[in-house]
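Comments concern the structure below.
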Amino acid sequence: MRIPYGFDLTSIGTLEIRENEAETVRMIFDYYLAGASLGKVVDMLHKKQISSPTGKAKWTRAAVDHLLSNSKYIAIVGFESFADVQFEKSSRCNVDYDKAGTPRRTTRYVSPPMLQI
């Protein structure tokens, strides 16, 4: 079992909040709710020189996405903030599924027409 970022495993086997990392978790949730994309959150963490959970200098978008989706972080950010992020994530997603369960984009992006000179 991997210990989630922001937590320590106690001697009796329970998770305990690691406050310095918990502040980073709160910051990630706040930035995302303020409208930052996953990429912007990654950039912010890199600028603040906050190492990833694996100890690398730069976080990945997947790591931020996983952190935002992990219900264990309710203990750090609270249920309301966690639920708000889940709603925000679903509303930002432009992938829909057809009857067969195949992912499809609901919005097709079309390049603007070229000006003819």
task = Being part of a helix (DSSP H, G or I) and hydroxyl-bearing (Ser, Thr, Tyr) is the filter; apply it to the stretch 52-88 and report the residue that is least open to solvent (accessible area, probe 1.4 Å).
result = Tyr73
message = Tell me whether the stretch 55-69 contains one or more residues that are under 18 Å from Asp8 (Cβ atoms), of a type outside the set (Lys, Arg) and modelled with pLDDT of 95 or more.
response = yes
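The values are calculated or read from the model by the stated rules, or taken from the named source; none is laboratory data. It should be emphasised that the depicted structure is a prediction, and the values quoted were computed from it without experimental measurement. Backbone-built Cβ (ideal geometry, glycine too); neighbour counts: all protein chains shown. Accessible surface is based on the protein model in full, side chains and every heavy atom, while ligands, DNA and RNA are left aside. Shrake-Rupley method; radii C 1.70, N 1.55, O 1.52, S 1.80 Å.
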